[in-house]
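Here is the structure we will look at.
Rule-based calculations on the coordinates, nothing more; no lab input. Everything numeric in this text was worked out from a predicted model, so none of it was measured. With ideal geometry, Cβ positions are generated from the backbone for all residues, glycine too; neighbour counts draw on all protein chains shown.
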Amino acid sequence: MIELTDIDLDDDGELSAVVSLPGDRQVAVLFALDDDEQLETPVMLATAQRALTPLTAEQLDRLENEIVRELVDSEFEGEEESAGDGDYALLADELELQGAIVSSDATLVLVYEAPTQYAGLVIYAQLDEDLEIEVLSVADTGDDEDELDDEVDADEEVEQGD
């Protein structure tokens, strides 16, 4: 079972914590509340655990590979040359899971960084209930989650590639 540690509540009542995910991935967790939403700490903890528990090392590896493929393919979209193995390897080598955002409906967003390939940017992968990427977005580190730039709908990318 997933265990949250270093649990803290901010002034807005949002919970933050640290979790060790499979594959030796220690990440920050933020439980994001809507503006008018208030939940008790035990409810937020249980919801975060429920959202994070299904993640396995294999699923996280698969998601990271899919993120790399989607982002690199989108960079080369419309270009004469296509992405090569080296392009994928560059991003794969530095893509790192930094955190997870959980909402009250147990929606899970994984937060990644790639410091040189995506300097000053954060990569968000919103997962559906089957732990598939529903929305893949890249945003400036100063942007709020609601103001994501360069949105790439993973389903649309796959359909375009067929």
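The charge dipole of the chain, taken about the Cα centre with unit charges on the Cβ atoms of Lys, Arg (+1) and Asp, Glu (-1), comes to about 1080 debye, rounded to the nearest 20.
The C-alpha atoms of the chain define a longest principal axis, and helix 57-76 lies at about 50 degrees to it. When you work out D = kT/(6 pi eta Rh) for the range 90-137 at 25 °C and 0.890 mPa s, using the Kirkwood radius from C-alpha pairs as Rh and the Stokes-Einstein form, the result is 218 µm²/s. Modelled label positions at residue 39 and residue 96, each set 7 Å beyond Cα in the direction of Cβ, lie 2.9 nm from each other. Note on the range 2-59: Kirkwood radius taken over Cα pairs, Stokes-Einstein applied at 20 °C and 1.002 mPa s, translational D equal to 179 µm² s⁻¹. Taking every DSSP helix (H) stretch of at least 4 residues in the chain, weighting each as -39,500 (n - 2.57) and dividing the sum by the residue count yields a mean residue ellipticity at 222 nm of -9500 deg cm²/dmol. Note that the chain shows a convex hull volume over its alpha carbon atoms of 125 Å³ per residue. With axes computed from alpha carbons, what is the tilt in degrees of helix 41-52 against the longest principal axis of the chain, rounded to the nearest 10 within 0 to 90? Taking the Cα atoms of the chain, the angle to 41-52 is about 30 degrees. Listed values for the range 122-139 are Karplus-derived 3J(HN,Hα) couplings in whole Hz (6.51 cos²θ - 1.76 cosθ + 1.60, θ = phi - 60°), namely 10, 10, 10, 10, 7, 9, 8, 5, 9, 6, 9, 6, 8, 9, 10, 9, 10, 9, and x replaces Gly and Pro. Using the Cβ-Cβ distance between residue 76 and residue 5 with R0 set to 35 Å, the FRET efficiency works out to roughly 0.30.
Compactness of the range 26-74 is given as radius of gyration and Dmax, 15.0, 42 Å, from Cα positions.
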